[in-house]
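These notes are about the structure you will find just below.
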Amino acid sequence: VRGGFALQITVDVSRMTKTDADKRFVLELPDGSTIEDLKSEVTNKFPHIDVGYVLILVNDELVYTNRVLVDDNVVKIFPPVMGG
Amino acid sequence: VYGFAPYMLHVDLSAGNIWKNPLDEGLCRQYLGGRGINARLLWDLVPQGADPLGTDNVLIIGSGTLSGTHAPSSGRTTVTFKSPATNLYAKSSGGGHFGPELKFAGYNHIVVHGCSEKPVYVWIEDDKVEIRDASHLWGLSVSETDEAIRQELGRQDIETVCIGPAGENMVKFAGVMISVGCAAARAGGGAVMGSKKLKAIAVKGSKSIVKVAEPTKYGNLISEIINDLATYPSRRRLEEIGTSALVPIRNEMHMLPTKNWKDAHLEGAYSISGQHIKEAGYLHRRSGCNACATGCHRYTVVQSGPYAGTQSAGPEYETVAAIGAGCGVTDVEAVLRANQLCNEYGLDTISTGGVIQWAMECYEKGVITDTDTGGLPLRWGDGLAVVELVRQIAFRKGIGDLLAEGVSNASKQVGQDSWKWAMHVKGLEYSRAEIRCRTGYALALAVNPRGADHLHSQVYAEFGATPEALALIKKICGDEKYADALLPDKRADIVRWHEDQYAATDCLGVCTFASVGHGYLVDPDRLSKLFSYLTGINISEEDLLKTGRKIINLEKAFNVREGATRKDDYPPWRFFNEPINSGPYEGHMLDYDVFNRMLDDYYELHGWSVDNGLPTAEILKKVGLEDIAVQLQKTGRIT
C-alpha cells in the first residue's frame, strides 16, 4: 500500500552502514522527486548515514548529474572511492 | 636553482665511469623536473632503433621537483627508459622515499648508461659514489636485496631501488622496486636494469634540506592544502580501505574486468576487496610514501592456512583486479600470496595478471594444452595455478618463459586466434578498467605513449561523479553533461586536459591522488604556485599546463622516431567485437566509427595528422620543441 506517494524507490546503503536494519529499505516519494530529494529524505530518516558526498547508482548505473527518479528505481549509495 | 638538487649523476656501467654535471637551469625551466627532464634526456641519449636491453639504452631516475620538501604527497620518483615490452618510450612512477633521499645526497637525477659484465650495485653517499660488486646479491628477492645491502654497508638509514629475479631474467614486465614495497612497475624498467646487470642503487644523503625561494608563501600554501586534504571524504576512505575499495562498486556496476574481460562481474568478488581484507584481519598496518597526506599504502599478512607466512606491501586495486578477478580468483589468500611473490620477484602485477589470464583463456580454448603447461591445469579461479605461474614467469621456467615475453609477443608465438584476447596496447597489458562503457578511458589508454595504462590521463569524472569532477568537466567542455561516460563528444578535450595535468604532476613528483583523485585539490593553479614559491621560477597555471603539453609532444616524438603511427593508438580487438555480457551496460562495446571520430578529434586538437597520427614540424616548434622538429624532419618521419 502506498502512503499517498507516487514513487516507491528501493534504497541500498549496505556499503555505508554496518547496521543490518538500514541496509536496504523502501522510500516513498512524490512524483517528480530527484536524487537530491532522495538524499534529503535519507538524511531525515537516518541521520547517521552521511550522504553528503557519495556515489549514486540508479539501477546499477553511475549517475553523473541530478535526475528525476521514476517508480521502482533501485538507488545504491556508495562512499567515495578511488584507486589504481 | 632553488628547489632542485644541484647535480645530475651519470654512471657508465660499460666503462665503469662515474661523473656528475651541474643541473642545467634551462632544463629545469623548460621541463619542470622529474618526468619532463627524464623525457628530454631519453630523447637526447637513446639513438633511434636502440635495443632496449642493449648498451645503448639508458635508465634515468628523476626526483620530483617538490620532493624532499613537506609539500603533501610529493615523494614520487619517475624512472624512464626505452621499454623492452613496447620498444617505445616508457616512464614509470613510484612512491616510497628514494627520490627525496637522492636530492639530499645532492642529485636531482641519475642516468645509468651501458651494461656491466658482472652484477653490480651503485652506492651513493653524498659526494662519494661507487660501483660495487653484486655477485652475492644476484638471485636474491627484493626485500633480501635491500636487507643485504643494509648489512653490507652497516647502515639502516639508506634508501634503495632494486630488482628481483624477474628483472635479472629480463622478464619484459619486470619492475623497478622502490623502498622495497613501492614500484615503478610498468613497461619493464626492471628488465632494463637486469640487462645492465644493475641489481640496485642505494643512497644516503646528508646535505642540507632543499632550499625554498619563498618559504613563507610555500609553507602557508602547503598548510592550506593539507587542511583541505585532511577532511576530503575519499582521502579518508582511501586511508581506511585502500585502493581495492573499488572492487565492490565496480562489481556492482558490472564493470569489474573478469576472466580477461570475457565477463564484467565476478560472483564472490567482495572477498578480494579492501573492505574484506580489512574486516578479515589481513590488514596489518597502513603507511604512506614520503610527505604523504593520504596513507593509502598498506601491509598485509596471512597468518594461517596453506599461504601462512605471506606478508607484503599492498595489494592495490590493480593487483587484486589483475591477479584476482581477471583470473576469476576469489581466494583472497592466494591473491595475497601472488601479490607478495610479484613484489619479491619484482614483477608488475598488472602485466603479470594480464599474461596469466590470457594463458587461462588459451587453455580454455585449447590453444595452450597440458603439454605446454607441463601438466599444470590453467583453469579460471584456480589461485594455486596463479601462484605457480608467477614463479614460472619470474624464473622463466616452463611456460613462464613464453609468458615472460608479454601477451603481445606470446600471442604471436602461440598463434591461432589468441591475438584476439591479447589485451594490450602497443605491447603493454591493459590496466583493469572496463572501457566499453567509458569513452574517455578508451581514448586515454589507447593514445598513451607507454601503452594501455591509466596513469597517463585518467578521466576521473567517468568513474566518480564528484562535484569537483563535474565542475572540471564544465570548465573544459562548457557543460557538465559531458561527464556522461557513454558520450563520445568532447572526449579529446577532456583527455588532453588530463594529459597536461598528469605530465605536470609527475614533473613535480606529486601523487595523482592529490592532484586528481581527491577532488583535484592540488590543481594546476596550486601546482604552479608550489613550483614558483619553491624554485623562484615564476610560472602561471597556463605555463604549467603548456609545459605538460610540451612533454606529451616530446614523448610522442620519441615514439614517432621509432616508427609509431596511428595504427598503434587502438584498443584491443575484444573491445570492438565482444560486448559486455551482463549488468546495466550489457550489450555495450566500442564502435570503430565512433572511436575513429574520437581519435580524429584528439589528433586535431593536438594539431597532429588525422591520417597517420604524426605531429607536424610546425606543431612541435609551436610547443617549444624546435630542435626535435628539425631532427624528425631530417629523418623524414614528419613534414
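Bridging of residue B:634 to lysines at a Cα separation below 20 Å is possible for B:556, B:621, B:622, once same-chain residues fewer than 8 apart are set aside. When you restrict to C-alpha pairs under 8 Å that are six or more residues apart and normalise by the size of chain B, the relative contact order lands at 14 percent. One way to sum up the overall shape of region B:164-216 is the equivalent ellipsoid from its Cα gyration tensor, whose semi-axes run 31, 13, 9 Å, largest first. Sorting the segments B:98-104, B:555-561 by their residues' average number of neighbouring beta-carbon atoms within 10 angstrom, most packed first, yields B:98-104, B:555-561.
Given the C-alpha centroids of region A:1-74 and region B:585-639, what is the distance between them in whole angstrom? Each part's Cα centre sits 45 Å from the other's.
Remark: relative contact order (region B:335-423) = 29 percent; criterion is Cα-Cα distance under 8 angstrom and separation of 6 or more residues. Ranking B:229, B:19, B:281 by how far each Cα lies toward the positive end of the dipole of chain B (charges on Cβ) leaves B:19 at the top. Counted by Cβ distance under 9 Å from residue B:254, the other residues give a net charge of -4, where Lys and Arg count +1 and Asp and Glu count -1. Note on surface exposure: B:456, B:97, A:48 rank A:48, B:97, B:456 by accessible area, highest first, 1.4 Å probe. Using alpha carbons only, how many angstrom separate the centre of region B:489-545 from the centre of region B:52-103? Spelled out, the Cα-based centre of one part sits 18 Å from the other. For residue A:45, a cut-off of 28 angstrom between C-alpha atoms picks up these lysines, skipping any fewer than 8 places away in its own chain: A:18, A:23, A:76. Taking Lys and Arg as +1 and Asp and Glu as -1, the other residues whose beta-carbon sits under 10 Å from that of residue B:444 total 0. For the pair B and A, the buried accessible area comes to roughly 2500 Å² in total, with a 1.4 Å probe and the value rounded to the nearest 100.
Per-residue shielding of B:245-255, expressed as the average number of other chain Cβ atoms within 10 Å of the residue Cβ, stands at 4. Estimated from helical segments only, the mean residue ellipticity of chain A at 222 nm is -4000 deg cm²/dmol, where each DSSP H run of four or more residues counts as -39500 (n - 2.57). In this structure, the amide hydrogen of residue B:284, modeled 1.01 Å from its nitrogen in the peptide plane, lies closer than 5 angstrom to those of B:299, B:300, B:301, counting only residues at least 5 positions away or on a different chain. Considering the options B:185, B:198, B:136, tell which one lies farthest towards the positive end of the dipole of region B:111-203, charges being +1 on Lys and Arg and -1 on Asp and Glu at the Cβ, about the Cα centre. Of the listed residues, the answer is B:185.
Dipole check for chain B: with +1 at the C-beta of Lys and Arg, -1 at the C-beta of Asp and Glu, and the Cα centre as origin, the magnitude is about 720 Debye.
Using the Kirkwood radius over C-alpha pairs as Rh, can you work out the diffusion coefficient of chain B via Stokes-Einstein at 37 °C, viscosity 0.692 mPa s, in µm² per second?
Diffusion coefficient, whole number: 135 µm²/s.
Modelled spin labels at residue A:12 and residue B:630, positioned 7 Å past Cα toward Cβ, are 6.3 nm from each other. Rolled with a 1.4 Å probe across the full set of protein chains, the surface gives residue A:31 an accessible area near 120 Å². Could you tell me which of B:483, B:415, B:498 has its Cα farthest along the dipole of chain B towards the positive end, charges placed at Cβ (Lys, Arg +1; Asp, Glu -1), taken about the Cα centre? Highest projection toward the positive end goes to B:498.
Membrane-span-like helices in chain B (whole DSSP H runs, Cα extent of at least 20 Å along the helix axis, mean Kyte-Doolittle hydropathy of at least -0.5): B:215-230, B:349-364.
Would you kindly give the portion of the calculated P(r) for region A:1-72 that falls above 20 Å, as a percent of all Cα pairs? Value for region A:1-72: 25 percent of Cα pairs lie more than 20 Å apart. Mean residue ellipticity, 222 nm, helices only, chain B: the sum of -39500 (n - 2.57) across DSSP H runs of n ≥ 4, divided by residue count and rounded to 500, is -11500 deg cm²/dmol. Given +1 at the Cβ of Lys and Arg, -1 at the Cβ of Asp and Glu and no other charges, the dipole of the protein assembly as shown around its Cα centre is 1200 debye to the nearest 20.
The accessible surface of the protein assembly as shown, taken with every protein chain in place and a 1.4 Å probe, is 47 percent carbon and sulfur. Principal axis analysis of the Cα atoms in region A:6-47 yields extents of 31, 16, 14 Å, listed in decreasing size. What's log10 of I(q)/I(0) for the protein assembly as shown at q = 0.04, 0.05, 0.10 Å⁻¹, Debye sum over Cα points only, no solvent? Taking Cα atoms of the protein assembly as shown as identical point scatterers yields -0.14, -0.22, -0.95. Across region B:2-136, the mean sequence separation of Cα contacts (distance under 8 Å, 6 or more residues apart), normalised by length, yields a relative contact order of 28 percent.
The values are calculated or read from the model by the stated rules, or taken from the named source; none is laboratory data. Note that the structure is predicted; figures quoted are calculated from it, not measured. Cβ coordinates were reconstructed from backbone atoms using ideal geometry, including for glycine residues, and neighbour counts include every protein chain displayed. The accessibility values were calculated without ligands, DNA or RNA, using every heavy atom of the protein model including side chains. Shrake-Rupley method; radii C 1.70, N 1.55, O 1.52, S 1.80 Å.
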